[in-house]
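The values are calculated or read from the model by the stated rules, or taken from the named source; none is laboratory data. Being a predicted model, the structure only gives us computed values, none of them experimental. Glycine also receives a Cβ, built like all others from the backbone with ideal geometry; neighbour counts cover every protein chain displayed. Note: accessible area is taken over every heavy atom of the protein model, side chains too, but ligands, DNA and RNA are not part of it. Shrake-Rupley method; radii C 1.70, N 1.55, O 1.52, S 1.80 Å.
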Amino acid sequence: MFKLNLKIALRNLWKYKGYTAINILGLSIGLASCILIFIFIRYQLSYDKDYTNGNRIYRVVSSWKYVGASDFFSQGVPRPLAPAMRNDFSQLEKVAAIQQSEGIIKVHPRAGAAAEIKVSEDVYYAEPSFFEIFDYQWLYGKPNSALSEPNTVVLSEKTANTYFGDWRKALGNSINFDNKRNFKVTGIFRDNPKNSSFPLKIVFSYASYDDRNSKSWGAVSSGSECYVLLKKGVTVDQLNAPLESFIKKYYVDKAPGKEGHSFQPLNDIHHNADYGNFEGSTTPYKQLIGLGVIGLFLLFTACINFVNLATAQAISRSKEVGVRKVMGSKRAQLIWQFLSETSMITLLALLLACVLTELAIPAMESLLNENSTFSLFGHPIIFVFLLAMLVLVSFLAGLYPAMVMSGFSPVLAIKNKVSAAGVGGVGLRKTLVVVQFVITAILIVSTLVVIQQMSYIRNKSLGFNTEAIAMVSLPTDSLSQLKYNSFKEAILDETGVERVSFCNEAPSSLSSREMNFAYNSSKDADFQVNLKFADDEYFKTFGLKLIAGTPLPKSDTLKGFLVNETLLKKLNVVHPSEALGKIIRLNGHKKPILGVVKDFNNTTLREAISPIVIFSSKNNYRRLAIKLEAKEMAATMKAVEKIFNHTFPNDIYRSRFIDDQLKNYYHTEQVMGVLFKVFSGVVIFISFIGLFGLISFVAAQRTKEIAIRKVLGASHLELIKMLNSTFLWLVLIANMVAWPIAYVFISKWLSNFEYRISLSAWPFAIAMFISMLITLLTVTLRSYKAANANTIDALKYE
């Protein structure tokens, strides 16, 4: 029976070649898109899943609650938090602090390398317990002892091979960090997978990290993290009460803006944009859910095409059904026959979809991240998904048409008396067309809003100048600091350089440092401030605006503070001039407010502007900001690099432009925008070919009607209008249904941004115009062919 069904299915597929081609093309594109979406979502959900005790690992994160303002979150914690938790929480099996940093790594030939290596790298300082919490695979060394002594380092396998030619040669040798000291290699661990929130390559012993804030509970750096391993049987809910007592114990001042902490599950780190991670990117669950919904839309749209075409074609195959029933075929046999045909089409479409997926994977890897790797058959779950797709699509797309066609009356079918109304297909097809265009309209509106929002972000003024400004990283050792002024003067003498400024970061930066402060009193304020370290040229270099007082004086030491408008608003200071001369106590310093700067965005446009304090601090300068003339920037930057290498021969030249840095803030949104555009285009294309196939069958069923109207004097234009009117009404109804759904969806997405566009009617109107245009072009194209057919051929059998 199976062999017979297969033979008949292949014969029918070949007989209706156009119908088969349209179905296979529509299904294959829809299935390929679903497969790509599934691969991406599976990859994102696989982050940090390889650790044995992953369900007991938590990160301690920080938050600040302000009265009348948004909460502030940070992945960082105060330096003394880890030892305090280790001492106070009996429910924790392990506690580990880890600190992110960056600097220059040197490997000398005598240390075992083939040639001297000098590179800039992100590095980490970790307590030995970190590698007891996270069970890395070790090629050499022991997790609990490799970093127990100062001036020791462990390397990833790839890093050790790069530095020493072979990781075995690294053992016992040393690497130099930031021209300050040598670290002995005491361990080698296997490289982390790419789907990890811990891009660890070089890990120094935590005892080697020097920081004057090691005992300060008021200073939080986003690079300072703490991880804990709960004891077996302990739940995170059981830690809530002890955590409250812990906070009260160490944060003596009970002001409402003080810091709080919570335990974040390991599997939430890659998906929580509130905190961030060492990897530098997050993919929130709601974006994955949104992408999954788009995948379902694509699959549903492709199935709608199949059902529409199959029910429309049912009348053409009515005689076949009638004859087979007369010959003794049961309804169940006919249902299985039609489901076999559907399964055959789906299988062919799935095979073509796999080919399309393989062709699209390199483009997807390039779009998302150069370090991301995707594979169509790289995981067993992919095969399960493909099989589920085959069964699900065959069932969804094939069951209703099979029930309709197998239910024909044999007498009416043989007499060719079966009509579209008689099989109940007209109402269903209209409903499915409406649903299809509802999906299309939602995606078009969403795509247009995403494009508008990203354009708004790119073009919105951040309150400072971002064009033609390069940030050059500075060496931070004491010997190099003595050369800062001579380096600055040499850069200023270069043609094409307008201004330069020493600072720790640009006005907008994802790297933040928050600290307690007191305003005109001995008591700390109920919120923390964001610190910016800068010299007297900072304002002019970045085009910041002063609204009261004077700028920073020319001095390497602290003479006074500049504050922003937001800080004064939170202090309830009405007029900026009122704050001038008032004393701020910050990090052991008591100095007056010299001026007030107009608000500027200090982080992404997802967050509100922070209260900011700007002051001079030579020891905290990490960058030289260079304002360039627009002409010959490339030549100027080459000259800057040459001066840098001459001034700091032991360091490595590192630079980046501010506008490039700002673009990276919204990488996730840009990726989602591209995916929306691509998949919206796919839905539009599937709708186009489905509508073309449907109007082809409708026109074929109305051939005699069209011929009679032509004989009675109807023009081609009137016939085209007749066929267009029904579909245009359906599209209009679809848009009316889609608009409120799209509005809810995009409103929630826009709520992620503190600064966002105002929704207007234009995206909705454009979505209607596009869907109307698609329908008009598709239906008109096929209607013209039907209207232009020979009337004699259509009527000669009457």
- Message: I'd like to know if region 675-696 contains one or more residues that are of a type outside the set (Asp, Glu) and under 30 Å from VAL529 (Cβ atoms).
- Response: no
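Go through PRO128, PRO150 for me and flag whichever is of a type outside the set (Ser, Thr, Tyr), surrounded by fewer than 22 Cβ atoms within 10 Å (Cβ to Cβ) and under 24 Å from SER222 (Cβ atoms). Before you say what the answer is, go through the steps one by one.
Details: PRO150 fails: under 24 Å from SER222 (Cβ atoms).
That would be PRO128, the only listed residue that is of a type outside the set (Ser, Thr, Tyr), surrounded by fewer than 22 Cβ atoms within 10 Å (Cβ to Cβ) and under 24 Å from SER222 (Cβ atoms).
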- Item | Output for region 537-568, where each listed residue is at pLDDT below 90 and charged (D, E, K, R) | LYS554, ASP556, LYS559
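With respect to LYS158, is the statement that it is open to solvent by 40 Å² or more (accessible area, probe 1.4 Å), out of contact with any strand residue (DSSP E or B) (no Cβ under 9 Å at 6 or more places or on another chain) and at pLDDT 90 or above true? Write out each step before concluding.
Details: open to solvent by 40 Å² or more (accessible area, probe 1.4 Å): yes; out of contact with any strand residue (DSSP E or B) (no Cβ under 9 Å at 6 or more places or on another chain): yes; at pLDDT 90 or above: yes.
Judged against the criteria, LYS158 is a match.
Would you be able to say whether some residue in region 184-206 is open to solvent by 40 Å² or more (accessible area, probe 1.4 Å), hydrophobic (A, V, I, L, M, F, W, C) and closer than 15 Å to SER129 by Cα?
In the first step, residues of region 184-206 are kept if they are open to solvent by 40 Å² or more (accessible area, probe 1.4 Å); the result is 184, 190-191, 193-194, 199, 201.
From the residues that got through so far, the ones that are hydrophobic (A, V, I, L, M, F, W, C) too are none.
Checked region 184-206: no residue is open to solvent by 40 Å² or more (accessible area, probe 1.4 Å), hydrophobic (A, V, I, L, M, F, W, C) and closer than 15 Å to SER129 by Cα.
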- Message: Name the residue that is modelled with the highest pLDDT, counting only residues in region 275-317 that are among the charged types (D, E, K, R) and buried (at least 17 other Cβ atoms within 10 Å of the Cβ).
- Response: GLU279
- Message: Suppose the filter is modelled with pLDDT of 90 or more, assigned to a loop (DSSP other than H, G, I, E, B), open to solvent by less than 50 Å² (accessible area, probe 1.4 Å) and not β-branched (Val, Ile, Thr); does PRO143 pass it?
- Response: no
- Please enumerate the residues belonging to region 525-546 that are under 24 Å from HIS575 (Cβ atoms) and either β-branched (Val, Ile, Thr) or in contact with a His (Cβ under 6 Å, 6 or more places away or on another chain) (or both). VAL529
- Message: Among (1) touching an Asp or Glu at 6+ places or on another chain (Cβ under 6 Å); (2) among the aliphatic types (A, V, I, L, M); (3) modelled with pLDDT of 90 or more, there is one condition ALA518 misses while meeting the rest; what is its number?
- Response: (3)
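Among the residues of region 173-183, write down those that are open to solvent by less than 50 Å² (accessible area, probe 1.4 Å) and without any contact (Cβ under 8 Å) to a residue 40 or more places away in the chain. First the steps, then the outcome.
Looking only at region 173-183, we keep the residues that are open to solvent by less than 50 Å² (accessible area, probe 1.4 Å), and these are 173-178, 183.
Answer for region 173-183, where residues must be open to solvent by less than 50 Å² (accessible area, probe 1.4 Å) and without any contact (Cβ under 8 Å) to a residue 40 or more places away in the chain: just PHE183.
Return the total of residues in region 629-643 being free of Cβ contacts under 8 Å to residues at least 60 places away in the same chain and open to solvent by less than 80 Å² (accessible area, probe 1.4 Å).
So in region 629-643, the residues free of Cβ contacts under 8 Å to residues at least 60 places away in the same chain come out as 634, 638, 641-642.
Now drop any that are not open to solvent by less than 80 Å² (accessible area, probe 1.4 Å), which leaves 634, 641.
Summing the residues that are free of Cβ contacts under 8 Å to residues at least 60 places away in the same chain and open to solvent by less than 80 Å² (accessible area, probe 1.4 Å) in region 629-643 gives 2.
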- Message: Any residue at all in region 62-70 that's of a type in the set (Gly, Ala, Ser), within 30 Å of SER245 (Cβ to Cβ), surrounded by 15 or more Cβ atoms within 10 Å (Cβ to Cβ) and at pLDDT below 75?
- Response: yes
- Filter result (at pLDDT 85 or above, under 22 Å from GLU127 (Cβ atoms) and open to solvent by less than 30 Å² (accessible area, probe 1.4 Å)) within region 227-272: TYR227, VAL228, LEU229, LEU230, LEU239, LEU243, PHE246, HIS261, PHE263, GLN264, LEU266, ILE269
- Item | Enumeration of residues in region 711-760 that are surrounded by 15 or more Cβ atoms within 10 Å (Cβ to Cβ), out of contact with any Ser or Thr (no Cβ under 9 Å at 6 or more places or on another chain) and small (Gly, Ala, Ser) | ALA714
- Item | Those residues of region 463-485 which are outside any loop (DSSP other than H, G, I, E, B) and either of a type outside the set (Gly, Ala, Ser) or at pLDDT 85 or above (or both), in sequence order | ILE469, ALA470, MET471, VAL472, SER473, LEU479, GLN481, TYR484, ASN485
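Can you find a residue that is outside any helix (DSSP H, G or I) and either open to solvent by less than 10 Å² (accessible area, probe 1.4 Å) or over 23 Å from GLY673 (Cβ atoms) (or both) anywhere in region 439-462? Please lay out each step first, then the result.
Step one: of region 439-462, the residues outside any helix (DSSP H, G or I) are 460-462.
Filter again for either open to solvent by less than 10 Å² (accessible area, probe 1.4 Å) or over 23 Å from GLY673 (Cβ atoms) (or both), leaving none.
No, every residue in region 439-462 fails to be outside any helix (DSSP H, G or I) and either open to solvent by less than 10 Å² (accessible area, probe 1.4 Å) or over 23 Å from GLY673 (Cβ atoms) (or both).
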- Going by the structure shown, is ARG86 touching a residue at least 24 places away in the same chain (Cβ under 8 Å), open to solvent by 20 Å² or more (accessible area, probe 1.4 Å) and among the basic types (Lys, Arg)? no
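More than 17 Å from ASN277 (Cβ to Cβ) and either among the small types (Gly, Ala, Ser) or outside any helix (DSSP H, G or I) (or both) - does that describe any residue in region 32-45?
Residues of region 32-45 more than 17 Å from ASN277 (Cβ to Cβ): 32-42.
Remaining after also requiring either among the small types (Gly, Ala, Ser) or outside any helix (DSSP H, G or I) (or both): 32-33.
Scanning region 32-45 turns up at least one residue that is more than 17 Å from ASN277 (Cβ to Cβ) and either among the small types (Gly, Ala, Ser) or outside any helix (DSSP H, G or I) (or both).
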- Message: Exactly one condition in (1) open to solvent by 10 Å² or more (accessible area, probe 1.4 Å); (2) over 21 Å from ALA518 (Cβ atoms); (3) not in a helix (DSSP H, G or I) is false for ALA625; which is it?
- Response: (1)
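Out of SER501, SER522, SER508, which single residue is open to solvent by 10 Å² or more (accessible area, probe 1.4 Å) and either small (Gly, Ala, Ser) or assigned to a loop (DSSP other than H, G, I, E, B) (or both)? Outline the logic, then answer.
On the way: SER501 fails: open to solvent by 10 Å² or more (accessible area, probe 1.4 Å); SER508 fails: open to solvent by 10 Å² or more (accessible area, probe 1.4 Å).
Only one candidate passes the filter, namely SER522.
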- Item | Spans of strands (runs of 3 or more DSSP E) in region 532-613 with at least 2 residues of a type in the set (Asp, Glu), buried (at least 19 other Cβ atoms within 10 Å of the Cβ) and over 33 Å from the mean Cα position of the chain (by Cα) | none
- Note on the structure: Flagged in region 21-38 as surrounded by fewer than 21 Cβ atoms within 10 Å (Cβ to Cβ) and either in contact (Cβ under 8 Å) with a residue 60 or more places away in the chain or within 17 Å of the chain's Cα centre (by Cα) (or both), in numbering order, are ILE22, LEU25, PHE38
- Item | In region 591-609, the residues that are under 18 Å from GLY549 (Cα atoms) and not small (Gly, Ala, Ser) | LYS591, PRO592, ILE593, LEU594, VAL596, VAL597, LYS598, ASP599, PHE600
